[in-house]
Each structure stands twice: as C-alpha cells, then as structure tokens.
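Trainee: I am attaching a structure below and will ask some questions about it afterwards.
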Amino acid sequence: MSVRLADPEPGIRLVTIDRPERRNALDRATYAGLTDALETVPGDAEVRAVVLTGAGGCFTAGNDLKDFQDVETGGDSPGLTFLKALRACPLPVVAAVEGHAVGIGTTLLLHCDLAYAGDGARFRLPFTALGLSPEGGSSYLLPLVAGSKRAAELLMLGEPFTAADAAAAGLINAAVPAGTALETAMAKARALAALPRVSIAATKQALRRGHDDSVARALDAEAEVFHALRRGPAAQAAFAAFLRR
C-alpha cells in the first residue's frame, strides 16, 4: 500500500504517504488511499485530529509524472478528488514536512489547518516549467496568505524555496529543526485531541466559511485549465524530458 494509516496515540490518526522509492510521488492509487483515509475520519468517533506526513524523510515530490502522460478526459482527476476531501475534512489536519514538497505537495498545505517543516525541507511550485498552470486553489489562496507579489514570484518563476521562506509566505506555521517536523505535528495534534471534538470542528468550519465558495470555484476553474495544458504539446514534452533523466 502506498498510504499507511496508524493511530499512534488516542485521538490521533497518522496518515503516511509511503512510496519512498519514488520520493512519495502521488499516483492514482496513492490519491485514492489518501482520499479514503480522509473520508473515513468523520465517521470514527475516536479520531480528533489527523497528522499527514511522508515516509523516508520526504513529504512528497508531487504528482507522479508518469500518470500525467495519460491524456484521459472527463470527471475530477484523482488529485482534485483528494484535495476536495482534504478541504471537506471536518477535523483538523496537521502536516509534517521533511525533504521535498513539490507541486501539489506544497499547494495541499494551503488546505491543512496547521503545517510544520524541518528547516532542511525544500519547496517548489514548478507548474510553469512543466507547461502547466497553478492548481489546488493556489491562485486564490496563496495571494491571501503571501500577498500578490510573493504569490506571483512563487507561482510564475517556480523557483525552489526554503522552509523559512514557506513560513514567511504563510504556507506553514513554522520551520523547526530538521527531523523534528513529525514530532512537532504530533504535539500539536495531541493538544487538539485534548479539546472538545465538536468545538474544534465548529471553529474549523467558522474559519473557512467565508472562503469556501471561492476556493471551490478556484479548484474547479484551475483544474479545467491545468488539464487542458497537461494534454498539450508543451507539457507532454516537459514530462517526457523529465522522465528521460
């Protein structure tokens, strides 16, 4: 399985992306596993917080580009289905990032309630370099948290950036010593799990209420453009070149 589930402490569901041989790149099966993990949380009364991390000292290298060479059409993509499940999760989701967080590995953090990264983590939004456009609601959410100029820099140039940069841009709560992101995320999840489940869920809903419709529209509009570009010659050539490395 490419997604591992565990309950390491009372009230905490640990979800681990587990494809270390591919730097935890997200293929269809992994997206399906993540979606299932998030959709089962509300029905489990024992779970009060979710921690999301990656195996082998890496968060995720983003989409598995082998899947992107498939030009299928129709319906939500597995990645969009996952992001909608992440957005809809009524319980707090805390991300723990080490190593690489690329593409959707960065944009998904905009939908987590809390996020912490080891100071050796490296982030990148390489959409333009791949002949693509922003996804994951990032064209709407990133300007909100980072400001329009910083969002344009990160999304247009697509240059790598550090955990400290990610914290300054509002993508994560804090950069922590390398190797301690999961420890930090677990501590925050433990604190959340000690609070009334109904109160935490109500607070999360209240925090998101003002942006829910806008985020939903951004997710769908971005996906339409993204997948039109993904099927185009510039993106297909970029994927082929990447996979030849």
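Trainee: Quick check on GLY33: is it more than 21 Å from ALA101 (Cα to Cα) and open to solvent by 10 Å² or more (accessible area, probe 1.4 Å)? Full working, then the answer.
Mentor: Values: more than 21 Å from ALA101 (Cα to Cα): no; open to solvent by 10 Å² or more (accessible area, probe 1.4 Å): yes.
Answer is no for this residue.
Trainee: Could you figure out which of (1) in a loop (DSSP other than H, G, I, E, B); (2) under 27 Å from LEU229 (Cβ atoms); (3) out of contact with any strand residue (DSSP E or B) (no Cβ under 7 Å at 6 or more places or on another chain) isn't true of CYS58?
Mentor: Exception for CYS58: condition (3).
Trainee: Also: Which is without any contact (Cβ under 8 Å) to a residue 60 or more places away in the chain and either more than 19 Å from PRO78 (Cα to Cα) or touching a helix residue (DSSP H, G or I) at 6+ places or on another chain (Cβ under 7 Å) (or both), of THR60, THR16?
Mentor: THR60
Trainee: Among the residues of region 234-245, which ones are open to solvent by less than 50 Å² (accessible area, probe 1.4 Å) and more than 19 Å from ILE104 (Cα to Cα)?
Mentor: ALA240, ALA241
Trainee: Still on this model: Within region 182-204, does at least one residue satisfy the condition of being touching a Gly at 6+ places or on another chain (Cβ under 6 Å) and of a type in the set (A, V, I, L, M)? Working first, answer last.
Mentor: Taking region 182-204 and keeping what is touching a Gly at 6+ places or on another chain (Cβ under 6 Å), we get 193.
Those still in the list that are of a type in the set (A, V, I, L, M) too: 193.
Yes: one or more hits.
Trainee: Only one of VAL51, VAL47 is in contact with a strand residue (DSSP E or B) (Cβ under 8 Å, 6 or more places away or on another chain), β-branched (Val, Ile, Thr) and part of a strand (DSSP E or B); which?
Mentor: VAL51
Trainee: In this structure, does PRO42 turn out to be within 28 Å of ARG245 (Cα to Cα) and surrounded by fewer than 20 Cβ atoms within 10 Å (Cβ to Cβ)?
Mentor: Spelling it out, it is not the case that PRO42 is within 28 Å of ARG245 (Cα to Cα) and surrounded by fewer than 20 Cβ atoms within 10 Å (Cβ to Cβ).
Trainee: Taking region 45-70 as the search range and keeping residues that are out of contact with any Ser or Thr (no Cβ under 6 Å at 6 or more places or on another chain) and among the polar types (S, T, N, Q), which one is least open to solvent (accessible area, probe 1.4 Å)?
Mentor: Taking the candidates together, the pick is THR60.
Trainee: Hey, another quick one. Within region 3-28, track down each residue that is more than 16 Å from the chain's Cα centre (by Cα) and surrounded by fewer than 21 Cβ atoms within 10 Å (Cβ to Cβ).
Mentor: Across region 3-28, the qualifying residues are ARG4, LEU5, ALA6, ASP7, PRO8, GLU9, PRO10, GLY11, PRO20, GLU21, ARG22.
Trainee: Scan region 169-218 residue by residue and report those that are assigned to a loop (DSSP other than H, G, I, E, B), of a type in the set (Gly, Ala, Ser), open to solvent by 50 Å² or more (accessible area, probe 1.4 Å) and free of Cβ contacts under 8 Å to residues at least 40 places away in the same chain.
Mentor: GLY210 - this is the single residue of region 169-218 that is assigned to a loop (DSSP other than H, G, I, E, B), of a type in the set (Gly, Ala, Ser), open to solvent by 50 Å² or more (accessible area, probe 1.4 Å) and free of Cβ contacts under 8 Å to residues at least 40 places away in the same chain.
Trainee: Sticking with this one: Exactly one condition in (1) over 17 Å from the mean Cα position of the chain (by Cα); (2) under 21 Å from PHE82 (Cβ atoms); (3) open to solvent by less than 20 Å² (accessible area, probe 1.4 Å) is not met by ARG231; state its number.
Mentor: All conditions are met except number (3).
Trainee: Could I ask something else about it? Within region 103-162, track down each residue that is surrounded by 24 or more Cβ atoms within 10 Å (Cβ to Cβ), in contact (Cβ under 8 Å) with a residue 60 or more places away in the chain and on the phi > 0 side of the Ramachandran plot.
Mentor: Once the filter is applied, which keeps residues that are surrounded by 24 or more Cβ atoms within 10 Å (Cβ to Cβ), in contact (Cβ under 8 Å) with a residue 60 or more places away in the chain and on the phi > 0 side of the Ramachandran plot, region 103-162 yields GLY136, GLY137.
The values are calculated or read from the model by the stated rules, or taken from the named source; none is laboratory data. All values derive from a computational prediction rather than experimental measurement. Cβ atoms come from the backbone with ideal geometry, glycine included; neighbour counts cover every protein chain shown. For the accessible areas, the whole protein counts, side chains as well, though only heavy atoms, and no ligand, DNA or RNA atoms are used. Shrake-Rupley method; radii C 1.70, N 1.55, O 1.52, S 1.80 Å.
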